[in-house]
Amino acid sequence: MFGLVLGNGKKILKMINYQHEGFEMDNETKQFHGLTSFVIRTFFFVYLGMIVTFRSLNFIIFGIVILIILLIVRYLAIYISTYKGCFETNDKQVLTVMMPRGLAAAILAISFTPLILGAGTSTAPGYNLAVEMQGLFMDVAFVVILGTAIITTIGVSIICHYETKKTKESENEK
């Protein structure tokens, strides 16, 4: 909560119509905030990477299916929301591929799976459904996080490559 207020201090003061002294973060505070955020994010991603085991190929396939569904829904949402707008094609393409999942998905997969499933729910002697499903959530979350990061990286690289190529061709014509 502190970081949220610290990072958005000007906007919060504007929302509450604060008219007195302005809010300015000095560079040292900004650097501390950035480093703290980096350490926390790194911790969760390293932890997620350590606990992912890929217990079943089905979990990976399920994650890939979710990834494809996310990409299709994202494409449709961008198409519908920019239908009559004056957006260039490459802007729509960038909006489509900019879909990385990150810290929120990792935290949900790590923290809330036992709460959602109820720790120790058994359906048969020697079989623990919560443990099995926890593997599903973490493996699928890992595949989705990694997949969306890869799609974003490759998509933006391809778009930049073609945009650079198009710019060079237009300069050569002049």
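The values are calculated or read from the model by the stated rules, or taken from the named source; none is laboratory data. Note that the structure is a prediction, hence the values are computed from the model and not measured. Methodologically, a virtual Cβ is constructed for each residue, glycine included, from the backbone with ideal geometry; neighbour enumeration extends over all protein chains shown.
Please count how many residues of the range 52-80 are under 19 Å from Thr152 (Cβ atoms) and of a type outside the set (A, V, I, L, M, F, W, C).
4
Pull up the range 47-85, narrow it to residues that are among the hydroxyl-bearing types (Ser, Thr, Tyr) and in a helix (DSSP H, G or I), then point me to the one that is surrounded by the most Cβ atoms within 10 Å (Cβ to Cβ).
Among residues in the range 47-85 that are among the hydroxyl-bearing types (Ser, Thr, Tyr) and in a helix (DSSP H, G or I), the one surrounded by the most Cβ atoms within 10 Å (Cβ to Cβ) is Tyr75.
So, in the range 86-104, exactly how many residues are part of a helix (DSSP H, G or I) and surrounded by fewer than 14 Cβ atoms within 10 Å (Cβ to Cβ)?
3
Residues being of a type in the set (S, T, N, Q) and either part of a helix (DSSP H, G or I) or modelled with pLDDT of 70 or more (or both): count how many of those fall in the range 120-149.
The total comes to 2.
Filter the range 6-33 down to the residues that are surrounded by fewer than 11 Cβ atoms within 10 Å (Cβ to Cβ) and of a type outside the set (D, E, K, R), then identify the one that is modelled with the lowest pLDDT.
Here the residue is Gly22.
Which pairs have Cβ atoms under 8 Å, sit 6 or more apart or on different chains, and link a residue in the range 62-78 that is at negative phi to one that is outside any helix (DSSP H, G or I) and surrounded by 12 or more Cβ atoms within 10 Å (Cβ to Cβ)?
Leu70/Met99; Leu71/Met99; Arg74/Met99
Return a yes/no flag: does the range 150-172 have any residue that is at pLDDT below 75, more than 12 Å from the chain's Cα centre (by Cα) and either assigned to a helix (DSSP H, G or I) or in the same structural domain as Ile72 (by TED's automatic domain parsing) (or both).
No, the range 150-172 contains no residue that is at pLDDT below 75, more than 12 Å from the chain's Cα centre (by Cα) and either assigned to a helix (DSSP H, G or I) or in the same structural domain as Ile72 (by TED's automatic domain parsing) (or both).
Take the conditions farther than 30 Å from Lys166 by Cα and either modelled with pLDDT of 85 or more or assigned by TED's automatic domain parsing to the domain that holds Ala149 (or both) and apply them to Val94. Does it pass?
no
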